Amino acid sequence: MPDLPEKPLNREPPIQDLTSTFLTPPDSAYDRNHGVLAHLNANTHRVRVDGAPMVRSRLRDILAKAGGIALSASEQATAHVAFACHTAPCEAETWYGASIPLSRALREDGEVLLATSMNGAPLPPNHGFPVRVVAPGIAGARAVKWVDRITVQRGESENVYMQRDYKVLPPEVRDSQQAEGYWGVTPPVQEMPVNSAISFPVEGGVAERGEDGCVGVVGYAVPSGDDGPVTRVEVSADEGQSWTEAELLRGPEEGEEGKWAWKLWRARVCVPEGWGKTTVYSRATDQAGNTQPERSQWNLRGVCYNGYGEAADVMIK
Ligand SMILES: Nc1nc2c(c(=O)[nH]1)N[C@H]1C(S)=C(S)[C@@H](COP(=O)(O)O)O[C@H]1N2
Ligand SMILES: [Mo]
């Protein structure tokens with residue numbers, strides 16, 4: 001295993017800051033890494049495209065430029081596009097890699113990007129400068145930063161973060177030893193499930209009951225994979241007995257682009273006087289009707305957990 005000179009940078013701002021703007025500012029200190037950051041020179045950086053590159057996307061366009069197709073139709077149906085970064089070693093392996101189904105990468109409306117900018121400015125080094133993958137609807141783990149190789153291949157990326165991490169193991173797997181027998185037969189996470197979170201009120205905090213007899217609740221919601229946008233968020237302040245529909249706030253982009261994006265929402269949930277301490281829940285539903293369960297099935301490390309958003313022990317005054 002690589003001996004890293006520094007701890008991987010993993011941090012996020014308080015959820016209240018995150019939900020204060022639709023576009024997360026690049027300096028918001030939202031970072032996820034399994035290894036060190038790469039500091040690359042855009043003038044000398046090269047991305048090698050190989051394997052069986054094929055037709056038309058950005059990513060699609062690049063695969064098209066790279067040449068013709070060398071896979072049969074049935075091979076194409078199960079093929080993957082693998083992305084790799086060899087310049088920033090990780091905790092579990094010297095390189096970082098992931099892949100997505102080729103069919104997703106080639107979909108005209110799939111919007112899988114090789115991104116060189118973020119919020120209209122050049123990509124910052126910590127987010128993958130000079131180029132990273134952005135695969136909307138798909139787990140962030142597949143969005144390889146500092147990408148230097150793109151390969152169209154018959155199967156999944158062999159990288160450890162694709163094969164032995166980011167998998168929803170069956171509930172009978174209780175520890176990492178038992179997991180050994182399951183990594184190879186459990187598919188890697190690709191699309192993420194519908195989800196929501198409450199940023200206000202905060203767990204254990206106080207919520208003011210206004211003159212209208214209601215408390216303000218604020219949060220965000222994300223759709224399931226390709227099934228966006230989120231079309232409805234409901235909020236409950238009585239442990240799920242009654243639900244109030246939240247207002248979905250308009251982002252700067254509407255229409256098709258909005259399908260992948262998170263939705264910020266706010267609600268006023270009315271409660272009787274003297275309601276006291278309660279748990280506030282949120283429940284999101286997307287365009288395709290996927291909705292959050294109260295709790296999702298237990299799995300080792302809680303991967304893809306998407307039970308109701310929750311703010312517990314809120315004192316309503
Ligand atoms: N090269 C490289 N790419 C990577 C990672 C990494 O450790 N190395 N982490 C992945 C994971 S697990 C996530 S969630 C996203 C996070 O991207 P962000 O830091 O820009 O939010 O990058 C992905 N791409
Ligand atoms: Mo991640």
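Just a few scattered comments:
- Model label sites at Q241 and T21, defined 7 Å from Cα along the beta-carbon direction, differ in position by 4.2 nm.
- Sequence of H34, H86 from largest to smallest accessible area, 1.4 Å probe: H86, H34
- Take R174: with every protein chain present and a 1.4 Å probe, its accessible area is about 140 Å².
- Probe 1.4 Å, protein heavy atoms only - accessible area per residue of segment 15-166 in square angstrom: 45
- Peptides ranked, highest mean first, by Cβ atoms within 10 Å: ranges 157-168, 208-219: 157-168, 208-219
- The chain - convex hull of alpha carbons, volume per residue in Å³: 154
- Cα-based shape type of segment 195-316, given that a ≥ b ≥ c are square roots of the gyration tensor eigenvalues and the cut on a/c is 1.5: oblate
- Apolar share of the accessible surface for segment 195-316: 44 percent from carbon plus sulfur atoms, 1.4 Å probe.
- Applying the criteria of a DSSP loop state and at most 13 other Cβ atoms within 10 Å to the GluC sites (Glu not before Pro) of segment 93-138 yields E108.
- Listed values for segment 217-233 are Karplus-derived 3J(HN,Hα) couplings in whole Hz (6.51 cos²θ - 1.76 cosθ + 1.60, θ = phi - 60°), namely 10, 10, x, 9, 9, 10, x, 7, x, 9, 9, x, x, 5, 10, 7, 10, and x replaces Gly and Pro.
- Per-residue Karplus couplings for segment 126-132, computed as 6.51 cos²θ - 1.76 cosθ + 1.60 with θ equal to phi - 60°, are listed in order as 5, 9, x, 3, x, 8, 9 Hz, Gly and Pro entered as x.
- Candidate cross-link partners of K277 among the lysines, defined by an alpha-carbon separation under 23 Å and a same-chain spacing of 8 or more, comprise K317.
- One decimal place: the segment N43-E172 gains 41.4 nm when fully extended, by the rule 0.36 nm per residue minus the C-alpha distance.
- Amide H partners (placed H, <5 Å) of N159, local residues excluded: none
- Here the sum of -39500 (n - 2.57) over DSSP H runs of 4 or more residues, divided by the residues of the chain, equals -2000 deg cm²/dmol at 222 nm, to the nearest 500.
- Remark on segment 15-166: Rg and Dmax equal 15.5, 50 Å (Cα only).
- Amide hydrogen proximity for V131: with H placed 1.01 Å from N in the peptide plane, the residues at 5 or more positions away or on another chain lying under 5 Å are W146, V147.
- Counting every C-alpha pair in segment 137-212, the share spaced more than 17 angstrom apart comes to 64%.
- Put simply, when 229-235, 72-78 are sorted by average Cβ atoms within 10 angstrom per residue, most first, you get 229-235, 72-78.
- As a fraction of the 1.4 Å probe accessible area of segment 15-166, surface on carbon and sulfur atoms comes out at 54 percent.
- Estimated vicinal HN-Hα couplings, Hz - segment 109-121 in sequence order (Karplus 6.51, -1.76, 1.60; Gly, Pro = x): 9, x, 6, 6, 10, 9, 9, 10, 9, 9, 6, x, 10
- Distance between the pseudo-spin-label points of E310 and A121 (7 Å out from Cα toward the beta carbon): 3.8 nm.
- Accessible area expressed per residue, segment 195-316, with surrounding protein chains retained (probe 1.4 Å, Å²): 49
The values are calculated or read from the model by the stated rules, or taken from the named source; none is laboratory data. Quantities reported herein were computed from a predicted structural model and do not represent experimental measurements. Methodologically, a virtual Cβ is constructed for each residue, glycine included, from the backbone with ideal geometry; neighbour enumeration extends over all protein chains shown. The protein model used for the area step is the full one, side chains on, heavy atoms only, and it has no ligands, DNA or RNA in it. Shrake-Rupley method; radii C 1.70, N 1.55, O 1.52, S 1.80 Å.
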